[in-house]
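Below is one structure, written out as structure tokens, with a few remarks after it.
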Amino acid sequence: MKKNENKDMFKAAWNYAAAPESTDHINLQKQYDLYIDGKFIKPVKGKYFDTINPSNDKKIASVAEATAEDVDLAVKAARKAFKGWANLSGKDRGKYIFRIARLIQERAREFAVIESLDGGKPIRESRDIDIPLAANHFFYYAGWADKLEYAFPNRKPKPLGVVGQIIPWNFPLLMAAWKLAPALATGNTIVLKPAESTPLTALKLAEIINDCGLPKGVVNIVTGAGETGANIVNHPDINKIAFTGSTGVGKYIAKAIAGTDKKVTLELGGKGANIIFEDAAIDQAVEGIVNAIFFNQGHVCCAGSRLFVQESVAGLVIQKLKARMETLIVGDPLDKNTDIGAINSKKQLQTIQNYIKIGLSEGGEIYQPECSLPKEGNWCAPTLFLNVSQSHKIVQEEIFGPVLTVQTFRTINEVIEKANNTPYGLSAGVWTQNGAKIFHLTQRLEAGVIWANTFNKFDATSPFGGYKESGFGREGGLQGLKPYVKFE
Amino acid sequence: MLPNLNNLPVYDTTGVDERIARFCSRSIKSSSKKEGLKLAISMIDLTTLEGKDTRGKVQQLCYKAMHPHDLLRDIPKVAAICVYPSFVSIAKKALEGSGIHVASVATAFPSGQSALEVKLLDTKSAADQGADEIDMVISRGEFLAGNYQYVFDEIATIKEACGKAHLKVILETGELDTLDNVRKASEIAMYAGADFIKTSTGKVQPAATLQVTYVMLDAIKDFFIKTGKMIGMKPAGGISTSKIALQYLVMLNEVLGEKWMNKNFFRFGASSLLNDILMQLVKAETGMYQSSNYFSKD
């Protein structure tokens, strides 16, 4: 196959005029304080940091930086609120959670725009995926609140106490929902820290929580960076830590709480294998590859970042994938036609660019479509690395960006071995029209989530979590309640 | 020669639906909307295929084809008029000098349940009267019975009978049931000599859908990669609004791209679509929707 031979042949002619979602309906303050004990209060040390729009480098707002003193206030408030909240009937707790879910739905448009402004993800995703799923999560766990006895028959589930929750920047509101909803339903009180680069939707959620009259101190939201997170992890009066983020920080947390009686659940990194067999519906598989790695600019812990294609169809798949990548629209996150938005932060952009350099120096063959990238802000074109192997660093390490490594395989046993040949084990994808082959693989792949003939699908009723260094504990579904209860 | 049909790509309906949803979520506004709508008009095969068609009806439709809406400037003419064989000479005369093609359905349209000799005569008669394009139907019964060679040969024979006229092959996807069948029939038609492949007669439900059109565009793309020959596409039936037409164009744009974005390689088989587009264009000019009574119904 000649290089890019069909690049010009099937080139799109019709450039869609800009279709930006309006921002005049959103309500943002210039400065955000900490949400502690049912009030927005200034940080003790009075320090603030900026949150930046990654698509144009402009400051959106200043946000309070919580220090150890603030975290202590938050934990005290949560401790004070615990008894009342835990003793409230499940039905009444459920009412509050339903109220949060409904208010998110009512203000979905505002949340979607703020999520895209603060995090750089395309409005199509924040509008159609992040915000509806976040509301769903609250709806789902609201339903469990008065049925815990049925979730754990004859085991008398009790809440753990005060829970410290630390969430990442890739799905800011959705991750807050994943953490808050089951913890609230089971009767715990919470200190939650959103990521420093994307705190705004969590702070808007604090407004909603305040509006719906949740008893004060049940949910406390403290903003800040790694140090604030460490203060939560090391606080002596916290009963459990729930963390989603990098494996590096996950290991730090595991060490920090060793020897304490804190419980912990970790949802960490991944390097998901996406496996295309020759008997797959190739065209839909190509679409699945795109959804697996370019969804949310590749800032997805369960991204399908390692592609395995059976050798007999490798040429065809790669040719079709390249052609498809030519039609991806990269640009303004608020434009409704944007497929790939901005990289979340300068720091992450550097990480990704560094891995691309490593890939090149290791001899990988790079492919990027001809897309024009905006001048300001953080941007990375969707990228393929061909001719790489399990020994390449870019195949082994999580890049957390729109960079896909492509390897070929010959037999089913070979691909199972290669797919499992990683310290991670969060997700995998299998593409074949042969049902028996799907079950053969799903039993042997070491991954918490395995998608068949689709990728990156989420649902509140379905448990999500990792194997190996991708963490432990499950979020979502009935299984998602368990990390927040103890049994007598 | 009949291509190898055992190794064709297969389609996952859920996956195709998802892809279609992505096309439909494209937001086509302002200048690109106008551009798209005008392009759509220039791709219309303005159609009347009724038992009650008359000379008068066909003549009126031809006038509409040449003058879609004289109050608006820069409105293109439609691509063709599509009629039964008995009206070819009338349409031909009415459209003289306009550059608008006359397409005639043939081969015992719409069911195709006739002897090959009858179908050939039907085709020749339309071609002799000056039809620029022939829209034939495939023998779905033979196709579903697995007689692919029969279907292939029939198309090839009809193609010969067309002479200079372009051949559009109607698969009648509403009777083929699966996307894999649609792909197979597309493959047979293209290798047998079709200039266009077309979804439906309009007489069977469902008629054109974005899903089957997607599969056919994918087949056209693969055929081009293999043979270097560009085949045209015509979804027909059920495309009655501007919104749906734009969704088809978005799909065309993102699957086959600019070389196919013209009336030589893409057509809409439609009748009521034209006035809906005109209404949208007037709205874009004036900012107001007008009553449908301001648009001629021929």
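The values are calculated or read from the model by the stated rules, or taken from the named source; none is laboratory data. As the structure is a computational prediction, the values presented were derived from the model and not from experiment. Here the Cβ positions follow ideal geometry from the backbone for every residue, glycine too, while neighbour counts run over all protein chains shown.
Given B:THR54, B:THR13, which one is modelled with pLDDT of 95 or more and away from chain A (no Cβ under 12 Å)? Walk me through it before giving the result.
Values: B:THR13 fails: away from chain A (no Cβ under 12 Å).
From the options B:THR54, B:THR13, the qualifying one is B:THR54.
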Task: Residues satisfying the stated conditions in segment B:173-190, i.e. surrounded by fewer than 19 Cβ atoms within 10 Å (Cβ to Cβ) and hydroxyl-bearing (Ser, Thr, Tyr) - done: B:THR178
TODO: Using the structure shown, decide if A:LYS375 is basic (Lys, Arg) and at pLDDT 95 or above.
DONE: no
Open item on the list: Against the conditions (1) hydrophobic (A, V, I, L, M, F, W, C); (2) outside the structural domain of A:GLY161 (by TED's automatic domain parsing); (3) surrounded by fewer than 20 Cβ atoms within 10 Å (Cβ to Cβ), where does A:LEU404 fall short? Just the number, please.
Closed with: (3)
Open item on the list: Let me spell it out: the conditions are (1) farther than 28 Å from B:SER32 by Cα; (2) touching a Phe, Trp or Tyr at 6+ places or on another chain (Cβ under 7 Å); (3) of a type in the set (A, V, I, L, M, F, W, C), and B:ALA245 meets all of them except one. Which number is the exception?
Closed with: (1)
Task: Hits in segment B:239-284 - residues which are outside any helix (DSSP H, G or I) and hydrophobic (A, V, I, L, M, F, W, C) - done: B:ILE239, B:LEU256, B:MET261, B:PHE265, B:PHE266, B:PHE268, B:ALA270
Open item on the list: Anything in segment B:6-31 that is part of a helix (DSSP H, G or I), surrounded by 15 or more Cβ atoms within 10 Å (Cβ to Cβ) and β-branched (Val, Ile, Thr)? List them, or say none.
Closed with: B:VAL16, B:ILE20
Open item on the list: Let me spell it out: the conditions are (1) within 14 Å of another protein chain (Cβ to nearest Cβ); (2) not in a helix (DSSP H, G or I); (3) not polar (S, T, N, Q), and B:ALA108 meets all of them except one. Which number is the exception?
Closed with: (1)
Task: Pairs, first more than 19 Å from A:ILE100 (Cβ to Cβ) in segment A:193-205, second assigned to a loop (DSSP other than H, G, I, E, B) and of a type in the set (Ser, Thr, Tyr), C-beta under 8 Å, six or more apart - done: A:GLU196/A:THR223; A:SER197/A:SER345
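Look through B:LYS38, B:LYS64, B:LYS34, B:LYS92 and report the one residue that is touching a helix residue (DSSP H, G or I) at 6+ places or on another chain (Cβ under 6 Å), basic (Lys, Arg) and assigned to a helix (DSSP H, G or I). Reasoning before the result, please.
Details: B:LYS38 fails: touching a helix residue (DSSP H, G or I) at 6+ places or on another chain (Cβ under 6 Å); B:LYS64 fails: touching a helix residue (DSSP H, G or I) at 6+ places or on another chain (Cβ under 6 Å); B:LYS92 fails: touching a helix residue (DSSP H, G or I) at 6+ places or on another chain (Cβ under 6 Å).
Of the residues listed, the single one that is touching a helix residue (DSSP H, G or I) at 6+ places or on another chain (Cβ under 6 Å), basic (Lys, Arg) and assigned to a helix (DSSP H, G or I) is B:LYS34.
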Open item on the list: Can you tell me how many residues within segment B:240-288 are surrounded by fewer than 20 Cβ atoms within 10 Å (Cβ to Cβ) and within 14 Å of chain A (Cβ to nearest Cβ)?
Closed with: 7
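Quick one: which of A:PHE385, A:PHE439, A:PHE400 is without any contact (Cβ under 8 Å) to a residue 40 or more places away in the chain, in contact with a Ser or Thr (Cβ under 8 Å, 6 or more places away or on another chain) and of a type in the set (Phe, Trp, Tyr)? I'd like the intermediate steps shown before the answer.
Details: A:PHE439 fails: in contact with a Ser or Thr (Cβ under 8 Å, 6 or more places away or on another chain); A:PHE400 fails: without any contact (Cβ under 8 Å) to a residue 40 or more places away in the chain.
Exactly one residue qualifies, and that residue is A:PHE385.
Scan A:ALA381, A:ALA447 and give me the residue that is in the same structural domain as A:ASN354 (by TED's automatic domain parsing) and either crowded, with 20+ Cβ neighbours inside 10 Å or modelled with pLDDT under 95 (or both).
Values: A:ALA381 fails: either crowded, with 20+ Cβ neighbours inside 10 Å or modelled with pLDDT under 95 (or both).
One residue alone meets the criteria, A:ALA447.
Sort through A:ALA68, A:ALA81 and tell me the only one that's in contact (Cβ under 8 Å) with a residue 60 or more places away in the chain and surrounded by 19 or more Cβ atoms within 10 Å (Cβ to Cβ). I'd like the intermediate steps shown before the answer.
Details: A:ALA68 fails: surrounded by 19 or more Cβ atoms within 10 Å (Cβ to Cβ).
The match here is A:ALA81.
Could you check, for segment A:264-282, whether at least one of its residues is in a helix (DSSP H, G or I), more than 15 Å from the chain's Cα centre (by Cα) and within 14 Å of chain B (Cβ to nearest Cβ)? Walk me through it before giving the result.
The first filter runs over segment A:264-282 and keeps only residues in a helix (DSSP H, G or I), leaving A:282.
Adding the requirement that they be more than 15 Å from the chain's Cα centre (by Cα) leaves A:282.
Those left that are additionally within 14 Å of chain B (Cβ to nearest Cβ): A:282.
Yes, segment A:264-282 contains a residue that is in a helix (DSSP H, G or I), more than 15 Å from the chain's Cα centre (by Cα) and within 14 Å of chain B (Cβ to nearest Cβ).
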Task: Within segment B:91-120, considering residues that are surrounded by 16 or more Cβ atoms within 10 Å (Cβ to Cβ) and either free of Cβ contacts under 8 Å to residues at least 24 places away in the same chain or polar (S, T, N, Q) (or both), the one farthest from B:ILE197 (Cα to Cα) - done: B:SER111
Open item on the list: Condition first: in contact with a Phe, Trp or Tyr (Cβ under 9 Å, 6 or more places away or on another chain), polar (S, T, N, Q) and not in a helix (DSSP H, G or I). Now tell me which residues in segment B:134-184 satisfy that.
Closed with: B:SER139, B:THR178
Open item on the list: I'm checking my understanding of the structure. Among residues of segment A:332-370 that are aliphatic (A, V, I, L, M) and assigned to a loop (DSSP other than H, G, I, E, B), which one is farthest from the other protein chains (Cβ to nearest Cβ)?
Closed with: A:ILE343
TODO: Determine, yes or no, whether B:MET216 is at pLDDT 95 or above, surrounded by fewer than 18 Cβ atoms within 10 Å (Cβ to Cβ) and aliphatic (A, V, I, L, M).
DONE: no
- [ ] Go through segment A:417-440 and count every residue that is surrounded by fewer than 21 Cβ atoms within 10 Å (Cβ to Cβ) and among the aliphatic types (A, V, I, L, M).
- [x] 2
Open item on the list: Among the numbered criteria (1) surrounded by 21 or more Cβ atoms within 10 Å (Cβ to Cβ); (2) hydrophobic (A, V, I, L, M, F, W, C); (3) in contact with a helix residue (DSSP H, G or I) (Cβ under 7 Å, 6 or more places away or on another chain), which one does A:ALA452 miss?
Closed with: (1)
TODO: From (1) under 22 Å from A:LYS320 (Cβ atoms); (2) surrounded by 19 or more Cβ atoms within 10 Å (Cβ to Cβ), pick out the condition that doesn't hold for B:ILE225.
DONE: (2)
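The rows are residues; the columns are (1) over 30 Å from A:TYR32 (Cα atoms); (2) modelled with pLDDT of 95 or more; (3) in the same structural domain as A:TYR48 (by TED's automatic domain parsing).
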{"residue": "A:ILE221", "(1), (2), (3)": "no, yes, yes"}
{"residue": "A:GLY226", "(1), (2), (3)": "no, yes, yes"}
{"residue": "A:PRO236", "(1), (2), (3)": "no, yes, yes"}
{"residue": "A:GLU278", "(1), (2), (3)": "yes, yes, no"}
{"residue": "A:PHE295", "(1), (2), (3)": "no, yes, no"}
{"residue": "A:CYS301", "(1), (2), (3)": "no, yes, no"}
Task: A:ASN296 being away from chain B (no Cβ under 14 Å) and in a helix (DSSP H, G or I) - done: yes
Open item on the list: Scan segment A:223-235 and tell me whether some residue there is touching a residue at least 24 places away in the same chain (Cβ under 8 Å), more than 17 Å from the chain's Cα centre (by Cα) and on the phi > 0 side of the Ramachandran plot.
Closed with: yes
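Mind listing just one residue for me: the one in segment B:41-57 that is part of a loop (DSSP other than H, G, I, E, B) and among the aliphatic types (A, V, I, L, M) and, of those, farthest from A:ALA18 (Cα to Cα)?
Of all residues in segment B:41-57, those part of a loop (DSSP other than H, G, I, E, B) come to B:43, B:48-54.
When the remaining residues are screened for being among the aliphatic types (A, V, I, L, M), the result is B:43, B:49.
Details: B:MET43: 25, B:LEU49: 40 Å.
The residue in question is B:LEU49.
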